[in-house]
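Student: Before I ask anything, here is the structure I am working with.
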Amino acid sequence: MIAVELKGLASRKLRTVLTMIAIILGVSMISGTYILTDTINGSFDQIFHQATRKIDAVITPKPAVSADFVGTPTLPAGLLPVVRGVPGVAAADGEIADQASLFAGHGRMINGRFHGHLRRVGATGGAPSLLFGVGSERFNELTLVAGHWPVGNQVALDESTMSRSHLHLGQMVEVASLARPLEPFRIVAKTRFGSVGSIGGAALIDMDLATAQRVTGKIGEYDQISVISAPGTSQKLIARRIRSHLPAADRSTVRVRTGEQQAKSQAAQVANALNFLTIGLLAFGGIAVFVGAFIIFNTFSITVAQRAREFALLRTLGSTRGQIMRSVVIEALLIGIAASVLGTLAGLGIAKLLNGLFQTFGANLPNSGLVVLSRTVSVSLMVGTAVTVISGLMPAFRATRVPPIAAMREGVPLPKGRLSRLTPYVAGLITLLGLLLTILGIFASISSTGSRLAIIGVGCVLLFIGVAMLSPKLVTPLASAFGWPLQRATAITGRLARDNAMRSPSRTAVTAAALMIGLALVAFVTIFAAELKKTADDAVSRDVAGTFIVQNNQSFGNSVQPGVAAVVSRMRGVAIASPIRRDVAKIRGVGTTAIDGIDPGVFATLYRFQWKVGSSRVVPGLGSNGALVADAYAGSHHLHDGSPLSMLTPIGTRDTFTVRGIFKSSQILDNVLIPNASLVRDFHEANSEWVVVQAAAGVNTGRLEHRIARVLAASYPTLSVNSQQQFKSQQDSQVNSLLGLVYVLLGLSIVVSLFGIINTLVLSIYERTREIGMLRAIGTTRTQVRWMVRWESVITSLIGAVLGILLGILLAVLITVGLASQGIEFALPIGQLIVWVVLAVIFGIVAAAFPARRAARLDVLRALAYE
Amino acid sequence: MTTAEAISGKSVDTEPVVSATGISRRFGEADTAVDALKDVDIAFRSGGFTAVMGPSGSGKSTLMHILAGLDRPTAGTVRIDGQVITSMGDRQLTLLRRKKVGFVFQFFNLLPTLTAEENIVLPARIGGTKVDPAFFSEIVEAMGLRNRLTHRPSQLSGGQQQRVAIARALITRPAVIFADEPTGNLDSTASGEVLTLLRHAVDDFKQTIIVVTHDAVAAARADRIVFLADGRIVKDQPASSVGEILDQMKELR
Ligand SMILES: Nc1ncnc2c1ncn2[C@@H]1O[C@H](COP(=O)(O)OP(=O)(O)OP(=O)(O)O)[C@@H](O)[C@H]1O
Ligand SMILES: [Mg+2]
């Protein structure tokens, strides 16, 4: 039985291969995602185990509140003697581990100022470098390859960074930390990170502990204390002892873990963070598989129709319906298994590609030696095979409906199923259900984002299936509409293409639907990104009055150094330079929220906020414990003028602020604002998110910007000064690079639908061999035949594109209405959507390349002699 | 010059419309090679109705394909309307067929998506040329398709479909029309009609028509009958009666 099917597949090689590609691509994305994230997880595991290999216990700060946009607090140096005094502790020392940037200069420092050109070196793909300072070499995971351990203004760098950046021992480099201006260091050593070699391509900068503390602004503080226990004292025991010896005041802000626990918890943290990436990438793989399902369905439907006579013959020879059904299903199963196996293997390549992709978009993920878990293989194989078989079921069922009489006559159409009458109603119902679920997912109050997205996802899947089922009815009018200009513009090719596209509406509809799905999502993200940009840009124009914004373009989250506002405000021509400090707090009865620190005295000059309660005049009088809150936030948490806000800060301080004013929500600042001085006092936050600069009256802003930029370049090369316009484009470019990534990932689904079009065209051309032969005989040139095929492809693509873009607009409108309370503004980037339509036309022409060639190359005599 | 010649603008005494000299056609290679045509010389003058006959496998279709520029001879030259077509590239050949050659096929080969009218004017549209409405009308009238013009092929009988195909072949006023077993798929009544129409095209429209046929009745309507056997022309004679033709066919078998 299977041998017969294999032979059948072999005789239809091209279609089998094209069908398989549709599944291979989606499956490879699934398998590639797993391989990539497992590999990254594995590498981090290795790194963390390496880092705690020699260590029995680790003491780290435990922030009372945390968020990924703020740094963690530090340990007081006074804790170290306490730990050393714990019985069973053989050695303990503090260490610093922080972010920094490394620069190599072609120039010289003159009078404390750098003259020349600085080049950022070290980490690849824009990742920050890591700065280490360890109290004693016993705890250092870096091993010396050459040179000697650094003292004072000396650094050791890892050998891969040195060779990658062409640095050599004795050379001067500049280090920019998040705390201090640029400082010169001499490279005195070359290192290696344990047996792993490096940490995901990050540059590893090693200094002596005191220097590291000074450079990172952590004098008298540690990021971590590592402990080695005396022989015979177990990791668990020593950790327990240290815990019990901690001063009562530190118990809630300090965490003691065994070396093993520390490695595991860090790995778990990474795995948790990566989970988001895994799910996101799997979603794109899922979309591609979903699109592939349409192509499988279509190919099998066409094939079954073309083989109607064969089935009829088998039926007259005594085959039962069950046998016919089985033969088609087995064919689907074989294709599914083969494609899934190939797809799983191709995942290895996809994992590499994805990794490269993330590097291009600025995210650097460590990985070494691809990790393929059995879960990866089983999920990929199952998904690919199941989807193929399920997509083949309907066509298989239709094959059983071929009457034996069809063997006797030519061109007996497949009889319609008994239920086909109901199809439009079922399609309508599915569409409606999909729409309802999508709306439910957007508007219903669901607390978990995960289930919200899942409901929207299922809704969209149903919506797509429903519209695809309805679309055969739309093919005829749409094809006539799109074909009309072609028909007018061409002698005959446009007309024939239009007729061909309309000849089998369901075939064209399903082919177009595959593209529709990809384009609906592309259109949606295009619109949504335009809305995000518009919202953010409008907020800047509306709410910011300052001339410039100084920010760190290379890392986010409070990465403007503490001294910057002071340096800039002292400059000639600068009226005000005021930082925004950002931190997080848990407000009793309200929840965890981001808090922004402002300078009350100058707030009204730098920002143009609108007030619901109070006015800009209340801001200067905030005192040390006044707070301002956004109206939407105040509304949903029942806050009003005079409400107390009891805040718990990351360092464990509790302080109460009082609402003094309610402003209209702004995309620029967070929901709760307190004075900067209070933020420094209660949160110990010295860095800032950005610094807003107001030029003095009558100053040439262009020249001022230039001067500020020069000062920053010399001392704080990670910072840049932006006009409002530049700030906007800076924000836009962040959205754009994410958008680019999403486009690339959606591109996979579009490529899958490309194969769908190719496959349908090839099968249709095969059916029309005689017609093409006749056309060629009576004087149709090869070029004309090619254009006939191309135009058909273009019409199909346009149907998919237009339906897709309309669906995309619908989804975008729904989401925008759903997010209106968050301040999202509606935008319709007509120009970009038109670009997608134009690209769809080009897509159609590209998809037609191979089928058109085949059609044009058709041997006229053979085509006419056919059958 | 006769009046007919004056009207069609073609001269009988000068060059023939289609001529082949020394054409051979070999299919396959080495030991499996088949010589479908062996050194055939033949010429057709304008305005004639020629029937090509012969046993199955004698090379009739091959000859027709080569004369029509659909296939290339292994050796020899073919001229259509004075032009040597055997050295032409595909594009040139296609354009030549478009202008100078008409076809009528056994299986009609109409486009199912087009109406009868659209099928008839298809060659003109492929060439991007205008159809003379008077000429169109004349052909439609002659083919008896006046009230079938808006029908699609699936709504027409075999005979009607073949009449549409003949109209399609006539519409560009080609130098020559080739028909490979045009009645092969029709019953005798429809065959008779189709032959009458082809005859009509020769007589009234001064068309040159070359028909490959197995049907002695069909061949009897021609002005000239060419017999092929085993890739060679074995007899080339003027019109003859059905009985005579049948006898000759028997001889060849
Ligand atoms: N493409 C081809 N490849 C190989 N041999 C071929 C090919 N076309 C024709 N032949 C051979 O050439 C010979 C002549 O074929 P042709 O089709 O011209 O015969 P015919 O006279 O038209 O026959 P029929 O009356 O059956 O149509 C036959 O022996 C045939 O097998
Ligand atoms: Mg033949």
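The values are calculated or read from the model by the stated rules, or taken from the named source; none is laboratory data. None of the values given here were measured: they were computed from a predicted structure. Counting neighbours? That spans all protein chains shown, and the Cβs are built from the backbone with ideal geometry, glycine included. Ligands, DNA and RNA are stripped out before the accessible areas are found, and what is left, the full protein with its side chains, is counted by its heavy atoms. Shrake-Rupley method; radii C 1.70, N 1.55, O 1.52, S 1.80 Å.
Student: Count the DSSP beta bridges whose two residues both fall in the protein assembly as shown, then state the antiparallel fraction as a percent rounded to the nearest 5.
Tutor: So the antiparallel bridges in the protein assembly as shown amount to around 75 percent.
Student: Tell me the angle of helix A:830-857 to the major Cα principal axis of chain A, expressed in degrees between 0 and 90 and rounded to the nearest ten.
Tutor: 40
Student: Still on this structure, I have one more. Partner chain Cβ atoms within 10 Å, averaged over the residues of A:485-498 - can you pull that number for me?
Tutor: Mean partner shielding for this stretch: 2.
Student: Residues of the range B:126-141 losing 20 Å² or more of accessible area relative to the isolated chain, 1.4 Å probe, heavy atoms only?
Tutor: B:Ile126
Student: Something else: How shielded is A:648-656 by partner chains, expressed as the average number of their Cβ atoms within 10 Å of its Cβ atoms? Intermediate results must be reported in sequence, preceding the final value.
Tutor: Working: counts 0, 0, 0, 0, 0, 0, 0, 0, 0.
Mean number of neighbouring Cβ atoms from other chains: 0.
Student: Here's a follow-up. In degrees from 0 to 90, rounded to the nearest 10, what is the angle of the helix A:13-51 Cα long axis to the longest principal axis of chain A?
Tutor: 20
Student: With Kirkwood's inverse mean 1/r over C-alpha pairs for Rh, give me the Rg to Rh ratio of the range A:675-813, two decimals please.
Tutor: 1.34
Student: Right, something else. Considering only protein heavy atoms and a 1.4 Å probe, what is the carbon-and-sulfur percentage of the accessible area of the protein assembly as shown?
Tutor: On the protein assembly as shown, the fraction of accessible area on carbon and sulfur atoms equals 59 percent.
Student: Order of A:558-565, A:308-315 by packing, highest average Cβ count within 10 Å first?
Tutor: A:558-565, A:308-315
Student: Taking only DSSP H segments of four or more residues, each worth -39500 (n - 2.57), what value at 222 nm results for chain A once the sum is divided by all its residues, to the nearest 500 deg cm²/dmol?
Tutor: So the calculated ellipticity at 222 nm is -19000 deg cm²/dmol.
Student: What order, most packed first, do the peptides A:162-173, A:584-595 have when packing is the mean number of other Cβ atoms within 10 Å of each residue?
Tutor: Answer by packing, highest mean first, reads A:584-595, A:162-173.
Student: Further question on the same structure: Return the whole-Å distance between the Cα centroid of the range A:215-240 and the Cα centroid of the range B:88-121.
Tutor: 90
Student: A further question follows. Which one of B:Pro55, B:Thr94, B:Met249 is farthest out on the positive end of the charge dipole of chain B, using unit charges on Cβ (Lys, Arg +1; Asp, Glu -1) and the Cα centre as origin?
Tutor: My answer, from the dipole projection, is B:Thr94.
Student: Chains A and B: what accessible area do they bury, summed, in square angstrom to the nearest 100, with a 1.4 Å probe?
Tutor: Rounded to the nearest hundred, the buried surface is 2300 Å².
Student: Could the peptides A:26-38, A:51-63, A:630-642 be put in order, highest first, of the mean number of other beta-carbon atoms found within 10 Å of their residues?
Tutor: Descending packing order for the listed peptides: A:26-38, A:51-63, A:630-642.
Student: Using the C-alpha gyration tensor of the protein assembly as shown, what are the square roots of 5 times its eigenvalues, in whole angstrom, with the largest one first?
Tutor: 81, 32, 29
Student: Once you've got the GNM for chain B with C-alpha springs shorter than 10 Å, pick whichever of B:Glu29, B:Glu141, B:Glu15 has the biggest mean-square fluctuation.
Tutor: Largest GNM mean-square fluctuation: B:Glu29.
Student: In whole Hz, what ³J(HN,Hα) sequence does the range A:603-612 give by Karplus (6.51, -1.76, 1.60; θ = phi - 60°), x for Gly and Pro?
Tutor: Running phi through 6.51 cos²θ - 1.76 cosθ + 1.60 with θ = phi - 60° gives 3, 5, 7, 8, 10, 10, 7, 9, 10, 9 Hz.
Student: Over all residues in A:767-778, what is the mean tally of Cβ atoms on other chains that come within 10 Å of each residue's Cβ?
Tutor: What the average comes to for A:767-778 is 5.
Student: Further, regarding this structure: Skip the ligands, DNA and RNA, and give the accessible area per residue of chain A with a 1.4 Å probe, whole Å².
Tutor: Working: 35720 Å² over 867 residues.
Per-residue accessible area for chain A comes out at 41 Å².
Student: While we're here: Hey, what does the equivalent ellipsoid look like for the range A:559-717, semi-axes from the Cα gyration tensor as sqrt of 5 times each eigenvalue, largest first, whole Å?
Tutor: Details: eigenvalues 178, 64, 28 Å².
In descending order the semi-axes read 30, 18, 12 Å.
Student: Cross-link candidates for A:Lys7: which aspartates and glutamates have Cα within less than 14 Å, leaving aside residues fewer than 8 places away along the same chain?
Tutor: A:Glu331
Student: Anything over 20 Å Cα to Cα? Flag those among A:Lys13/A:Lys352; A:Lys190/A:Lys352; A:Lys534/A:Lys612; A:Lys533/A:Lys728; B:Lys60/B:Lys99, in the order listed. Before the final figure, lay out each step's value.
Tutor: On the way: A:Lys13/A:Lys352 30 Å; A:Lys190/A:Lys352 29 Å; A:Lys534/A:Lys612 24 Å; A:Lys533/A:Lys728 8 Å; B:Lys60/B:Lys99 23 Å.
Pairs exceeding 20 Å: A:Lys13/A:Lys352; A:Lys190/A:Lys352; A:Lys534/A:Lys612; B:Lys60/B:Lys99.
Student: Right, here's the next one. Go through the range B:39-72 and flag every residue whose accessible area shrinks by 40 Å² or more with all protein chains in place compared to the isolated chain (probe 1.4 Å).
Tutor: Buried by 40 Å² or more upon assembly, which counts only protein chains, are B:Leu70.
Student: Among the DSSP beta bridges whose two residues both lie in the range A:559-717, what percent are antiparallel, rounded to the nearest 5?
Tutor: That works out to approximately 75 percent antiparallel.
Student: Residues of the range A:779-812 that become at least 50 Å² less accessible with every protein chain present than in their own chain isolated, using 1.4 Å: which are they?
Tutor: Listed in order, they are A:Gly779, A:Thr781.
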